[in-house]
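Visitor: I'd like to ask some things about the structure below.
The values are calculated or read from the model by the stated rules, or taken from the named source; none is laboratory data. Quick caveat, the model's predicted, so the values are computed rather than measured. Methodologically, a virtual Cβ is constructed for each residue, glycine included, from the backbone with ideal geometry; neighbour enumeration extends over all protein chains shown. Accessible surface areas use protein heavy atoms only, side chains included; no ligands, DNA or RNA. Shrake-Rupley method; radii C 1.70, N 1.55, O 1.52, S 1.80 Å.
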Amino acid sequence: MESIIYVGMDVHKDSYSVCCYKSNEDRYYYEKKILAESKRVIKYLETVKKELGDETLFICGYEAGPTGFGLYRDLQKAGYSCVVMAPTSLKHPVNHKVKNDKVDARFLAKTLFTKDYSSVHVTTEHEEAINEYCRMRLSIKKELTKAKLVLQSFLLRHDKKYTEGDTWTLKHRAWLKNIHFEEEYLNEAFNEYMISVNTLEQRIKTIENRLKEISQDPDVKEKVDRLVCFCGIETVSAVTIVSRVGDFNRFAKAYHFSNYLGLTCGEDSSGQKEKHLGTKKTGDKEIRRLLAECAKSIKKTNLKGKKSKRLLDRQKDKDPLVIAYADKCRYRLRSKIAHLELKGKSPNVAATAAARELACFIWGMMTNHIA
């Protein structure tokens, strides 16, 4: 007769705390701390299986975290069932005052039995590699932003102020080229700051060109070709969205997808009193930021509905139904933003509301709900 054993694993960089839970006895067995290696976990499971019998089935689980999905994949290859649990979905007891690795492993083992958790979607290794490449680009963009701020702070300390418009435009860059200090050391420092900015900008251009090549990868090409039909979503943004979300079909409704991105509003109502809060801001903040930027770019499109040359090039040779759906999104979002701003809402609030609807349109596009 088969028996199911629930194995909770509290994973860390250096060690794993593992624990078996038998639901029919409500007891914990074989509690142990091992080195943080997948082969150690597999050996542990094999040892337990020898003692309990070959008909024993294991359901293993651990919290998603910085250790990634390597343990999950190794256990799956070895023939053991494993889930990665979303930390925000775990419901710790109210009187949870003792926390250590052993207690956490027990908690995870029992949570596997009660199924009181939400599992994390695990992408394939190839999809994860593309996602890591996109994440690397975002990291370098943050470095570039910091380098520009450092340069601007340096200029401000020495009374070099640009007052003729936005920074980092062609006019601003021409102004930077004409800056000169009387002290030679200051000139050297300024040149080093400029080298840092120019180097990072060149690196980002190279990475973005590579991402355009990656967009032709069979695993993402079809999705990217559909996404770029939307106004405001270029190839690089499309690859980033596709790689970070993975399978769009895991969301049953458009609302679930926008909620996953943290674009839905919270609520604090009681009795006859209704109070709606701001957006939840949970989930992937990078996609949330991308969609907000896309919404702002839609606001700047031609009032008469004329498409830009870049958008026409992206929509060339695409499915007419897909193009019609993307155009419907553009008109809808532009109208939405204008309506909210006429009501007195700030541009950022209007853009966030449009980003929420854009997320719903993207879900429809990716799951073939474009009728």
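Visitor: I want to verify the translational diffusion coefficient of the chain in µm²/s; compute it with Stokes-Einstein, Rh as the Kirkwood radius over Cα pairs, at 10 °C and 1.306 mPa s.
Guide: It comes out at roughly 64 µm²/s.
Visitor: What does DSSP give for the range 1-116 in terms of the percent of beta bridges that are antiparallel, rounded to the nearest 5?
Guide: Counting DSSP beta bridges with both partners in the range 1-116, the antiparallel share is about 55 percent.
Visitor: Restricting to the chain, what percent of DSSP beta bridges are antiparallel, rounded to 5?
Guide: Expressed as a percentage, antiparallel bridges in the chain total about 60.
Visitor: Would you mind counting up the charge near residue 237? Only other residues with Cβ under 12 Å from its Cβ, with Lys and Arg at +1 and Asp and Glu at -1.
Guide: Spelling it out: positives minus negatives among the neighbours equals +1.
Visitor: Okay, next question. Just the number please: accessible area per residue for the chain, 1.4 Å probe, all protein chains included, in Å².
Guide: 59 Å²
Visitor: Could you work out Rg/(2.2 N^0.38 Å) for the range 36-124, with Rg from alpha carbons only?
Guide: Normalised Cα radius of gyration, the range 36-124: 1.13.
Visitor: On to the next question. Normalised by the number of residues in the range 311-371, what is the relative contact order in percent for Cα pairs under 8 Å and 6+ residues apart?
Guide: 36 percent
Visitor: Follow-up question, since we're still on this one. May I ask you to derive the FRET efficiency for residue 114 and residue 276 from their Cβ-Cβ distance with R0 = 30 Å, giving the value to the nearest 0.05?
Guide: 0.40
Visitor: Given H placed 1.01 Å from N in the peptide plane, which residues other than close sequence neighbours of residue 118 have an amide H under 5 Å from its amide H?
Guide: 86, 89
Visitor: State the cysteines of the chain left without a partner when partners are defined as other cysteines whose beta carbon lies under 4.7 Å away.
Guide: For the chain, the answer is 19, 20, 134, 229, 231, 265, 294, 329, 360, because their Cβ atoms have no other cysteine Cβ under 4.7 Å.
Visitor: Can you list, largest first and rounded to whole Å, the semi-axes you get for the range 1-156 by taking the square root of 5 times each eigenvalue of its Cα gyration tensor?
Guide: Output for the range 1-156: semi-axes of 38, 19, 14 Å.
Visitor: Something else now. With charges only on Cβ, +1 for K and R and -1 for D and E, what is the dipole size of the range 158-259 about its Cα centre, in debye, rounded to 20?
Guide: That gives the range 158-259 a dipole magnitude of about 640 debye.
Visitor: Let me ask something additional. What does the highest-first list of 353-363, 281-291, 335-345 look like by mean Cβ count within 10 Å?
Guide: Ranked from most to least packed, the peptides come out as 353-363, 281-291, 335-345.
Visitor: Could you calculate the FRET efficiency of residue 99 with residue 125 from 1/(1 + (r/R0)^6), where r is the beta carbon distance between them and R0 is 30 Å, rounded to 0.05?
Guide: Calculated value: 0.35.
Visitor: Using a probe of 1.4 angstrom, how much of the accessible area of the chain is carbon and sulfur, in percent?
Guide: 51 percent
Visitor: Can you give the extra length, in nm with one decimal, that the chain gains between residue 54 and residue 149 once fully stretched, where that is 0.36 nm per residue apart less the Cα-Cα distance?
Guide: 28.0 nm
Visitor: If you don't mind, another one. Net charge near residue 127: determine it from the other residues with C-beta under 15 Å of the C-beta of residue 127, scoring Lys and Arg +1 and Asp and Glu -1.
Guide: That works out to -2.
Visitor: Divide, for the range 138-277, the radius of gyration over alpha carbons by 2.2 N^0.38 Å, where N is the residue count.
Guide: Dividing the Cα Rg of the range 138-277 by 2.2 N^0.38 Å gives 1.55.
Visitor: On full extension of the chain, what length is gained from residue 309 through residue 160, given 0.36 nm per residue of separation minus the C-alpha to C-alpha distance?
Guide: Full-extension gain reported as 49.8 nm.
Visitor: Note down the magnitude of the dipole of the range 1-130 about its Cα centre, charges +1 on Lys and Arg C-beta and -1 on Asp and Glu C-beta and zero elsewhere, to the nearest 20 debye.
Guide: 420 debye
Visitor: Continuing with the same structure: To the nearest 500 deg cm²/dmol, what mean residue ellipticity at 222 nm is calculated for the chain from DSSP H runs of n ≥ 4 alone, each contributing -39,500 (n - 2.57), summed and divided by the residues?
Guide: Value at 222 nm, helices only: -17500 deg cm²/dmol.
Visitor: So what is Rg over Rh here for the range 169-218, counting just Cα atoms and using Kirkwood for Rh?
Guide: That ratio equals 1.24.
Visitor: Got a sec? Which residues in the range 209-223 would a label at residue 317 touch, if it sits 7 Å along Cα→Cβ and we count backbone N under 16 Å?
Guide: Residues passing the 16 Å test: 213, 215-218, 221-223.
Visitor: Here is a follow-up. Long-range amide H contacts for residue 83: which residues qualify at under 5 Å (H placed 1.01 Å from N, peptide plane, sequence gap of 5 or more or a different chain)?
Guide: The list, which skips near neighbours in sequence, is 60, 61, 62.
Visitor: How much FRET efficiency would the formula 1/(1 + (r/R0)^6) give for residue 32 and residue 199, where r is the Cβ-Cβ distance and R0 is 56 Å, rounded to 0.05?
Guide: 0.70
Visitor: Using a cut-off of 13 Å between beta-carbons, work out the net charge of the residues near residue 278 (Lys and Arg +1, Asp and Glu -1, residue 278 not included).
Guide: Residues near residue 278 contribute +4 overall.
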